[in-house]
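Engineer: The structure follows.
Just so it is clear, none of the values below were taken in a lab; they were calculated from the coordinates. Predicted model, so just to flag it, every value in this text is computed and none were measured. Counting neighbours? That spans all protein chains shown, and the Cβs are built from the backbone with ideal geometry, glycine included.
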Amino acid sequence: LRIEDTDRERSTDEATQVILDGMKWLGLNEDEGPFYQTKRMDRYKEVIQQFLREGKAYRCYCTKEELDEMRAKQMAAKLKPRYDGTWRNRTDVREGVEPVIRFKNPVDGVVVVDDVIHGKVVFENSELDDLIIARSDGTPTYNFCVVVDDWDMNITHVVRGDDHLNNTPRQINMLMALGATPPVYAHVPMILGADGAKLSKRHGAVSVLQYQEEGYLPEALLNYLVRLGWSHGDQEVFTMEEMIKLFDINDVNKSASAFNADKLSWLNQQHIMKAPASVLANVLREQFAMLGVQIEDQQKLEAIANVQRERAKTLKEMAQNSLYFVKDFDAYDDKAAKKNLVAEAKPALAALESALQSLAEWSAPAIHNVINDVATQLNVGMGKVAQPLRVAACGGAVSPPIDATVAVIGKERTLQRLQKAQLYIDGRH
RNA sequence: GCUCCCAUCGUCUAGUGGCCUAGGACACAGCCCUCUCAAGGCUGGUACACGAGUUCGAAUCUCGUUGGGAGCGCCA
């Protein structure tokens, strides 16, 4: 893991920490490093001196203003803005200007990037200019640092967004100047926003940790991402192990893809359905905490996860829809109460209360029998008993199967809520 | 503007000259299941950007057009 932090203004400790935390959450663990470029300054300066000595780089005394003007003129003339090489062959100095150092790019011939994904891409050296490898304050720049690092660290494969494809010929030229063999390059297609435009903050191009907060599972995010530009037959859902085993960079396609939040949600649900209850319980605990409810009972959390796992797109949503399991609700859902907590439902609620009161074994199957018995006794359909019970127990008309739901809510709480519902009905009529 | 990249349903993709009146998935609609909501099952609509060529035959090969993206920083 390499942290490319040569720009001191942008690369704050917080920004770096977000990267580290994000990698950790995703389970993308480094086997070496992290290496910080800011700690390798001496090495970069050494190579710059070497380039200078060998005539592979030179000092350029143009000021920023002069460069801006040059670019503006070229743009006006409909040319590609590029450095014109003013100082390439000069050895004199200019007083009062701290020079930058530029790499002497070859002027003719071509550079071929043999890319795993794009195939051979040919660049004319005449299209490339002499890029700055050290700023006037002496600090090295990104395109130079990565070249030195890739060489020093024996990097074999560079996999990155294809927005870097245009940088690659320059990097190869510097690698050649160093006498190094370029690594294998694979420029993967970019991910665009849902509207097909460039991904920006407005589209949710946020830290991966935001997905953690929203209640996504890391394997779901990875699963979504791995299927962008890559597929394996008709398979959509992959475990971490399958992704590792099946993914092959050689099978990645070339075209950019648009971010689809719906599919991410669906995949998250698929992974929630398959995840171990203990894992879900841990995330649920955090999600409940964010909603202001502290709950430490691991068994209860796992029970909630197990009854809810099929009906939540995210763990955040699961927590929001599971509050009645962990704390009492203040009011009934208006529509649900109007429909179900009515006089004709009272006998069912009363019968349920007494039958559940004397129920020896508090389990979903046992509760299921009670509900069935009450329905039979009163000679009504299952729904006439289950729905009032649901609203009484949960406060609303939506929940997992009512027998399992009541089992998780617990005996004491259920009986209290059954009484409360009957009082509510009395109050209305 | 210049250089580079890309182009199959709304979206992610299968497809490497005949198996394609184009397959799967998300989303959408309907039905089934059903104590609600889901999950699951079934059914349905929607795509080879356009134009030339090569070929007995093209989504697949070639060229052009159009459209989209990236790069052109003393940013990374």
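Engineer: Most fluctuating residue of A:Glu242, A:Glu95, A:Glu344 in a GNM of chain A with Cα springs under 10 Å: which is it?
Structural biologist: Residue with maximal mean-square fluctuation among A:Glu242, A:Glu95, A:Glu344: A:Glu95.
Engineer: Still on this model: Where a ≥ b ≥ c are the square roots of the eigenvalues of the C-alpha gyration tensor, would you call segment A:321-387 rounded, which needs a/c under 1.5, or, failing that, prolate if a/b is larger than b/c, or oblate? Kindly include the intermediate steps, with their values, before the conclusion.
Structural biologist: Details: a/c = 2.07, a/b = 1.18, b/c = 1.75.
Verdict is oblate for segment A:321-387.
Engineer: Gaussian network model of chain A, Cα springs within a sub-10 Å range: biggest mean-square fluctuation belongs to which of A:Val110, A:Val188, A:Val406?
Structural biologist: Of A:Val110, A:Val188, A:Val406, the Gaussian network model singles out A:Val110 as fluctuating most.
Engineer: Let me know the charge dipole size of chain A about its Cα centre in debye, to the nearest 20, where only the beta-carbon of Lys, Arg (+1) and Asp, Glu (-1) is charged.
Structural biologist: Using Cβ point charges on Lys, Arg, Asp and Glu, chain A gives about 920 debye.
Engineer: Taking the dipole about the Cα centre of chain A, with the C-beta of Lys and Arg at +1 and of Asp and Glu at -1, give me whichever of A:Asn89, A:Leu1, A:Leu356 is farthest to the positive side.
Structural biologist: Result: A:Leu356, furthest along the dipole toward the positive end.
Engineer: Have a look at A:Ser207, A:Tyr224, A:Val370 and report the one farthest towards the positive end of the charge dipole of chain A, computed about the Cα centre with Cβ charges (Lys/Arg +1, Asp/Glu -1).
Structural biologist: A:Val370
Engineer: Any of A:Lys80/A:Lys198; A:Lys316/A:Lys339; A:Lys274/A:Lys327; A:Lys339/A:Lys384; A:Lys346/A:Lys384; A:Lys313/A:Lys335 with alpha carbons more than 19 Å apart? Name them for me.
Structural biologist: A:Lys80/A:Lys198; A:Lys316/A:Lys339; A:Lys274/A:Lys327; A:Lys313/A:Lys335
Engineer: Continuing with the same structure: Determine by what factor the alpha-carbon radius of gyration of segment A:272-389 differs from 2.2 N^0.38 Å, reporting the quotient.
Structural biologist: 1.23
Engineer: In a GNM of chain A with a 10 Å cut-off on Cα contacts, which of A:Thr239, A:Thr314, A:Thr63 has the highest mean-square fluctuation?
Structural biologist: Of the options given, A:Thr63 has the highest mean-square fluctuation.
Engineer: Oh, and also: Could you tell me how far the Cα centroid of segment A:367-429 sits from the Cα centroid of segment A:282-333, in Å?
Structural biologist: 20 Å
Engineer: Further question: Is the shape of segment A:265-319 best called rounded, prolate or oblate, per the rule: a/c under 1.5 gives rounded, else a/b larger than b/c gives prolate, else oblate, with a ≥ b ≥ c the square roots of the Cα gyration tensor eigenvalues? Intermediate results must be reported in sequence, preceding the final value.
Structural biologist: Working: a/c = 2.24, a/b = 1.42, b/c = 1.57.
Oblate, since a/c reaches 1.5 and b/c is not below a/b.
Engineer: Right, here's the next one. Rank A:Ala258, A:Ala343, A:Pro276 by how far each Cα sits towards the positive end of the charge dipole of segment A:209-349 (+1 on Lys, Arg Cβ; -1 on Asp, Glu Cβ) and give me just the farthest.
Structural biologist: Selected residue: A:Ala343.
Engineer: What fraction, in whole percent, of alpha-carbon pairs in segment A:115-186 exceed 15 Å separation? Walk me through the intermediate numbers first.
Structural biologist: Details: 1421 of 2556 pairs.
When all Cα pairs of segment A:115-186 are counted, 56 percent exceed 15 Å.
Engineer: In nm, give the distance between the simple-model label positions of A:Val122 and A:Val279, each being 7 Å from the Cα along the Cα-to-Cβ direction.
Structural biologist: Once both label points are built, they end up 4.9 nm from each other.
Engineer: Taking the 0 to 90 degree range and rounding to the nearest ten, how far is the long axis of helix A:346-357 tilted relative to the main principal axis of chain A, both from C-alpha atoms?
Structural biologist: It works out to around 80 degrees.
Engineer: Assuming R0 = 56 Å, can you tell me the calculated FRET efficiency for the pair A:Thr156 and A:Met70, based on Cβ-Cβ distance, to the nearest 0.05? Walk me through the intermediate numbers first.
Structural biologist: Numbers: r = 39 Å, r/R0 = 0.69.
E between A:Thr156 and A:Met70, to the nearest 0.05, is 0.90.
Engineer: Given a Förster radius of 30 Å and the C-beta distance between A:Asp42 and A:Val112 as r, what FRET efficiency does 1/(1 + (r/R0)^6) yield to the nearest 0.05? Please list the in-between numbers first.
Structural biologist: Numbers: r = 33 Å, r/R0 = 1.11.
It comes to 0.35.
Engineer: Here's something else I'd like to know. Over chain A, what is the percentage of antiparallel beta bridges among all DSSP beta bridges, to the nearest 5?
Structural biologist: Details: 15 of 25 bridges.
Rounded to the nearest five, the antiparallel share is 60 percent.
Engineer: Quick one: dipole size for segment A:104-189, taken about the Cα centre, charges +1 on Lys/Arg Cβ and -1 on Asp/Glu Cβ, in debye to the nearest 20. Walk me through the intermediate numbers first.
Structural biologist: On the way: 5 positive and 13 negative charges, 23 e Å.
Rounded to the nearest 20 debye, it is 100 debye.
Engineer: May I ask you to work out the translational diffusion coefficient for segment A:1-151 at 10 °C, viscosity 1.306 mPa s, via Stokes-Einstein with Rh from the Kirkwood sum over Cα pairs, reported in whole µm²/s? Please report the intermediate quantities before stating the final value.
Structural biologist: Working: Rh = 18.0 Å.
This corresponds to a translational diffusion coefficient of 88 µm²/s.
Engineer: Follow-up. Write out the trypsin sites (Lys or Arg not before Pro) in segment A:41-78 meeting two conditions: DSSP loop, and at most 13 other Cβ atoms within 10 Å of their Cβ. Could the numbers behind the result be given before it?
Structural biologist: Details: sites: A:Arg43, A:Lys45, A:Arg53, A:Lys56, A:Arg59, A:Lys64, A:Arg71, A:Lys73, A:Lys78; in loops: A:Lys56, A:Lys78.
Passing both the DSSP loop test and the Cβ count: A:Lys78.
Engineer: Indicate the gyration tensor shape class of segment A:14-68 (rounded, prolate or oblate), computed on the Cα atoms with a ≥ b ≥ c the square roots of the eigenvalues: a/c under 1.5 is rounded; otherwise a/b larger than b/c is prolate and the rest oblate. Write out the running numbers ahead of the final one.
Structural biologist: Numbers: a/c = 4.24, a/b = 1.96, b/c = 2.16.
Judged from the Cα gyration tensor, segment A:14-68 comes out oblate (a/c at least 1.5, b/c at or above a/b).
Engineer: Mind checking Rg over Rh on segment A:176-269, alpha carbons, Kirkwood formula for Rh?
Structural biologist: Values: Rg = 15.6 Å, Rh = 15.0 Å.
With Rh from the inverse mean 1/r over Cα pairs, Rg/Rh is 1.04.
Engineer: Hey, got the dipole for segment A:78-149? About the Cα centre, +1 on K and R Cβ, -1 on D and E Cβ, debye to the nearest 20? Each step should come with its number before you reach the end.
Structural biologist: On the way: 10 positive and 13 negative charges, 39 e Å.
Dipole magnitude for segment A:78-149 comes out near 180 debye.
Engineer: Taking every pair of alpha-carbon atoms in chain A, what share in percent sits in each 20 Å bin, from 0 to the bin with the longest distance?
Structural biologist: 19, 37, 23, 14, 6, 0
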